[in-house]
Amino acid sequence: MNATHTPIFITREKGSDSGVHPLRDDELTLLKELREMLPDSKYIFVFERGEVMSTDAVRKLIGRLAAQAGLNIKVHCHMMRHACGYYLVNQGYNTREIQDFLGHRDIKHTEKYTKLNARRFLNFDWGDL
């Protein structure tokens, strides 16, 4: 990793592989700012009273934010993983790299996350068929 990234260990559940990921400098700065706001808490993501956010609370928060954004679909946290895979494959990263990034043990799981945008077919040159 280069000097502009700080490694963070990600513990994954449901049989995925845990691993090290880079934190960019701007991400690290924002996390430090959050830490300074609650110096007595061992957690960074907490409610206003300093209580740790449960997974259910995060789920409800995501749902409220999606509604406020005018999304007419039920949004859940796991969609961020799908969006990440979709974004990375459309940026040109190969499925194997994305598999490692997402921590999938089986490439079949990664394939679900990396459905390509059909716009990529617009530049196909079919010549004089």
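Structure summary
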{"item": "Length released on extending from F47 to L30, taking residue separation times 0.36 nm less the Cα-Cα span", "result": "4.4 nm"}
{"item": "Share of carbon and sulfur in the accessible heavy-atom surface of the chain [1.4 Å probe, %]", "result": "57 percent"}
{"item": "Chymotrypsin sites (Phe, Trp or Tyr not before Pro) within segment 91-129, DSSP loop, no more than 16 other Cβ atoms inside 10 Å", "result": "Y93, F124, W126"}
{"item": "Accessible area per residue in Å² at 1.4 Å probe, computed on the chain", "result": "81 Å²"}
{"item": "Residue-level accessible surface for M37, protein heavy atoms, 1.4 Å, Å²", "result": "140 Å²"}
{"item": "Candidates per GluC sites (Glu not before Pro) in segment 39-129, loop by DSSP, up to 12 other Cβ within 10 Å", "result": "E48, E51"}
{"item": "Solvent-accessible area of H76 with every protein chain in place, 1.4 Å probe, in Å² to the nearest 10", "result": "80 Å²"}
{"item": "Long-range HN-HN contacts of I10 with modeled amide H, under 5 Å", "result": "G19, V20, H21"}
{"item": "Trypsin sites (Lys or Arg not before Pro), loop per DSSP, at most 13 other Cβ atoms within 10 Å - longest free stretch of the chain", "result": "75-104"}
{"item": "Cα gyration tensor, the chain - rounded (a/c under 1.5), prolate or oblate", "result": "prolate"}
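The values are calculated or read from the model by the stated rules, or taken from the named source; none is laboratory data. Predicted, not measured: the structure shown is a model, and the values here were computed from it. Because the Cβ atoms are built from the backbone with ideal geometry, glycine has one as well, and the counts that use them run over all protein chains shown. Protein only, heavy atoms only, side chains kept; ligands, DNA and RNA dropped before computing areas. Shrake-Rupley method; radii C 1.70, N 1.55, O 1.52, S 1.80 Å.
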